[in-house]
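What follows is a set of notes on a single structure, which appears directly below.
The values are calculated or read from the model by the stated rules, or taken from the named source; none is laboratory data. Nothing here was measured: the structure is a model prediction, and the numbers come from that model. Cβ: placed from backbone, ideal geometry, glycine included. Neighbour counts: every protein chain shown.
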Amino acid sequence: MANFGDIIGHEDIVRHFKSSMELGKVSHAYILNGEKGSGKRTLATVVAKMLQCESGQPDPCGTCKSCLQVESGNQPDIIWVQHEKPNVVSVDEIRTQILNDIDLKPYSSKYKIYIVPDAQLMNPQAQNALLKTLEEPPEYAVLMLLTNNIDTFLPTVLSRCIVLNFKPVEPLSMMEYLTGQMGLDQAKARFCTDFAQGNLGKAVRLAISPDYNEIKEDSIRLLRRIQDMEMDEIIEAVRNLGKYKLDISDYIDIMTMWFRDILMVKISNSPNKIIFKDEFSVMKKQGSRISYEGIENVLQAMDKLKVRLEANVNFEIAMELMLLTVKENL
Ligand SMILES: [Zn+2]
């Protein structure tokens, strides 16, 4: 039995598929991007079951012919693309299982759904073979490419698919990964884990950045004396951070961590649970100046700033608004 209730997490992806279906806006090509073992196959199965369910409801009924066929693994209009060799999905496999089949109308359902597990193993020839279909798919066709590495796709393939990313990784698993496989010490792993907020790739990016120490130091230098700085000075400092190859939103995340630490210091009056342990005395000082409400205001302002930056508003104005909130409350 596979149903939406069996899927742990990934609420955003589930919501995306359900609302696409309700709005009649199901796309022809999806990339489900997530780590191995993150539940991509289960989710693809449930989504396919939903699309084909005779009830037409965003929760598969489980009792119609199609649902029963999904349960027994032989829904004729849901095709799982197989590959023989362990490390490649070949162009021949794409041809025989997708291209030579896709023009035949669905056997008994609304859609014809092709699911390619291990799509990261499609070599460039296989991907190129798929391009024309991605450009001009039959009306009833839906392709789902499951991958644990989105970087293997040609830009031309990527641009024709809706990419849905699986997230987030639990902090504990991330710590284990960073201290184990990557060999980071606890402090750095903790910093990267908190910074990454469940996105392992982001944690790794910071961890292996040759500028890791400078990024951290520059951010701290700014935060230490932010209450004494003029607005122009702060904006300049934030802009300077741009020389490191992180996104501006990454620095907002670091600043968010700083204020979460201050909150922790206010609550516990101890350096035990904070990320910026060396800054305990500064945090105590800032913590004595800022109220709980003030911290909440600051954290909200940072969230808002990230949303604004994603919406491409003017950088300086958005940044000034956020920093004003910080100064007002500190
Ligand atoms: Zn059904």
Residue pairs within 6 Å by beta carbon, gap of at least six or interchain, first lying in the stretch 48-67 and under 18 Å from His28 (Cα atoms), second charged (D, E, K, R) and more than 8 Å from the ligand (Cβ to nearest atom), listed first then second, are Pro58/Lys18; Pro58/Glu22
Could you go through the stretch 155-171 and let me know if any residue there is in a loop (DSSP other than H, G, I, E, B), at pLDDT below 95, at positive phi and not hydroxyl-bearing (Ser, Thr, Tyr).
no
State whether the residues of the stretch 50-58 include one that is more than 11 Å from the ligand (Cβ to nearest atom) and surrounded by fewer than 22 Cβ atoms within 10 Å (Cβ to Cβ).
yes
Failed criterion for Cys61 (all others in (1) of a type in the set (A, V, I, L, M, F, W, C); (2) within 14 Å of Met144 (Cα to Cα); (3) outside any helix (DSSP H, G or I) hold)
(2)
Is there a residue being out of contact with any strand residue (DSSP E or B) (no Cβ under 6 Å at 6 or more places or on another chain), over 24 Å from Thr193 (Cα atoms) and among the aromatic types (Phe, Trp, Tyr) anywhere in the stretch 286-298?
yes
Can you tell which of Ser38, Ser66 is modelled with pLDDT under 95, surrounded by 14 or more Cβ atoms within 10 Å (Cβ to Cβ) and either within 9 Å of the ligand (Cβ to nearest atom) or part of a loop (DSSP other than H, G, I, E, B) (or both)?
Ser38
Scan the stretch 297-330 residue by residue and report those that are closer than 23 Å to Lys284 by Cβ, touching a helix residue (DSSP H, G or I) at 6+ places or on another chain (Cβ under 7 Å) and assigned to a helix (DSSP H, G or I).
Asn297, Val298, Leu299, Ala301, Met302, Leu323, Thr325, Val326, Lys327, Asn329
How many residues, within the stretch 158-182, are without any contact (Cβ under 8 Å) to a residue 60 or more places away in the chain, under 27 Å from Tyr30 (Cα atoms) and among the charged types (D, E, K, R)?
1
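Residue by residue through the stretch 73-103, note down the ones that are assigned to a loop (DSSP other than H, G, I, E, B) and either within 13 Å of the ligand (Cβ to nearest atom) or within 22 Å of Val26 (Cβ to Cβ) (or both). Lay out the reasoning, then the answer.
Start the filter on the stretch 73-103 by keeping residues that are assigned to a loop (DSSP other than H, G, I, E, B), which leaves 73-77, 81-88, 90, 100-103.
Gln75, Pro76, Asp77, Val81, Asp101, Ile102, Asp103, listed by residue number.
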Quick check on this structure: which one of Asp12, Asp101, Asp59 is closer than 21 Å to Val157 by Cα and of a type in the set (D, E, K, R)?
Asp101
Determine whether the stretch 108-127 contains at least one residue that is within 16 Å of the ligand (Cβ to nearest atom), of a type in the set (Phe, Trp, Tyr) and touching a residue at least 24 places away in the same chain (Cβ under 8 Å).
yes
